[in-house]
1. Full extension from residue 308 to residue 428: what is 0.36 nm times the residue separation minus their Cα-Cα distance, to one decimal in nm?
2. Along Cα→Cβ, 7 Å out, is where each label goes; now give me the distance between the ones at residue 467 and residue 491 in nm to one decimal.
3. Charges at C-beta only: +1 for Lys and Arg, -1 for Asp and Glu. How large is the resulting dipole of the chain about its Cα centre, in Debye rounded to 20?
4. For helix 197-210, report the angle its Cα long axis makes with the longest principal axis of the Cα atoms of the chain; keep it between 0 and 90° and round to the nearest 10°.
5. Using r as the Cβ-Cβ distance of residue 183 and residue 328, and R0 as 22 Å, what FRET efficiency do you calculate, to the nearest 0.05?
6. When the accessible area of region 66-214 is computed with all protein chains present and a 1.4 Å probe, what percentage of it is carbon and sulfur?
7. Just the number please: accessible area per residue for the chain, 1.4 Å probe, all protein chains included, in Å².
8. What figure in square angstrom, to the nearest 10, would you give for the accessible area of residue 355 with a 1.4 Å probe?
Amino acid sequence: MTLCLCAICGLQAQTIQNGSKWWDGSVLYTAKVDASGEVTMNGIDAHEGGFRFMLSKVQGKQGRYTLTTDNPDAYMPVRARLGWNVDYIRQEGMNFLAVRKPNNDVIWTLVLTPDNLENCINQERWAEQQPVGDVLNTMLLNTTYLARFSKADLRLMRNEILARNGWKFQSKDLQDYFGRQAWYRPVANNNTITLNIIEQTNVQLIKSEEAVPDEDRVSLLKPEQFPGGLADDGRGPEEIDPKVINGEEVYVVTNESEFIASLRPGRIVMVADNIHLNLSRILENESEFRNIPGRRWCSYDALGIGKEPLIISEDISDGQQLTLKNFNNLIIRGGKNSSIEVDPRYAFCIRFVNCEDCTVENLTIGHTEGGFCDGGVIGVKGGRQILVNKCDLYGCGTYGVVLRETTDFGMIKSNVHDCTYGIMELQNCMAVKFTTCDFFNNREYALIEAWGVDGLVFDDCRFFANWGDAPLFSLDTTFYLMGCQIYHPTENLGSIDKAEQTGAKTVFNANPLDKNVKSRNLGPQ
């Protein structure tokens, strides 16, 4: 099988920027670019040792460099030789340098990072604690990570990348080994398999690592420091054991520490019956996030690049907020009479950044007091397919829902009420739908604001007992009303002319406090 990573394969090539930082698993390099485009990489490791190598731009080849030096006898800190090619690749949200052998196989990788050395080392620790099968197809590997494994393990790892795509093996031992894995489903024809950029690079990198003499394979951190191995489940010490509820494996939590420790992609995390979590109790504790694998303590939106899942305590104007980054297939569920709350007025209770297929359901969520600035109850930035189902969102700093640059967001059978700035704020989103939701007792400015939103739908929703200085609707694009009930002064409906009414008829009533509006018992069950 031939794997190609060159720019002509549709990958976006880039130019190394002055001051950019690059992490290879053990050394953090800072690029210094001179007027001619020559790049000097100066690096430090955990012991603050000095490392240095140079790169020259290849004329006429976008994103292509070669390894050079100002001293022919200089030590080359990367596992390569002078004149070997280095490609700068940006694909699928990741920026990295691929150092190539003459046969074009990748032998070394360096990932663009906004982090300092301490955070890079902590991220390396986190990666080495994860089950190997969870990272092979999703995370760009490096030689520091691979140095922990024997040559036999490396062979299995390289082929597991193929096996998880359904590769049909010829070797009997590989047929037997992967045939015992419940997830293995071989295809009829290997030519139908296409590996993504991460998988291609990892296959080449592991193959190159297998050819390196053992004495040259040195890891940044000793293997015994990490539980993550081929057979280890990668659990942290605080994590609880799952329970089987209605055929599902569920992590039932009873306090804030258990909740944070149990958050992982692909899980169902359930707040136990009659449990009230105030996440500020743990979010305000820096020691629970700084230098902890898989967690991060940082300022608002200082999240940088990278695709690894992170649980972040973000510093906002009056406290900390919970941000989940790069999560997928996570369900946060409430039991009977369970709730989540935070103290800061300007914090989101839960914020999703670049997450996919995540659900929050059957929970009461809000703030201990209201506010008038950034923030809200549920925040979403980027990603797709986020669902809020049977929830009660209340009394917040600003809005009930704030969406930015996300696709396919849904809210079903939920309430948004007593928000101090408005109901929702949406920007540059696509396919946003609210189904059988009630919006009431919200104030004070524009209640529903949206810019650049395509496919905003309100289906069987009710708007009542809301008031504000600005109109109910403040939108710049067409939106859709289907069988809604709107109790609001007629003269203050705002951009209602942009609404297209389809399906069941929408009813308008100028009295926002009409006594005929009865509870529909939406929200948590």
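The values are calculated or read from the model by the stated rules, or taken from the named source; none is laboratory data. As the structure is a computational prediction, the values presented were derived from the model and not from experiment. Cβ atoms come from the backbone with ideal geometry, glycine included; neighbour counts cover every protein chain shown. With ligands, DNA and RNA removed, areas are computed over all heavy atoms of the protein, side chains included. Shrake-Rupley method; radii C 1.70, N 1.55, O 1.52, S 1.80 Å.
1. On the way: separation 120, 0.36 × 120 = 43.20 nm, distance 2.46 nm.
In short, 40.7 nm is gained.
2. Here the modelled spin labels are 1.6 nm apart.
3. Working: 51 positive and 68 negative charges, 298 e Å.
Roughly 1440 debye, rounded to the nearest 20.
4. Once rounded, the angle reads 30 degrees.
5. Values: r = 17 Å, r/R0 = 0.75.
Calculated transfer efficiency: 0.85.
6. Working: 2990 of 6410 Å².
Looking at region 66-214 in its full context, I get 47 percent from C and S.
7. Numbers: 22680 Å² over 525 residues.
Accessible area per residue: 43 Å².
8. 0
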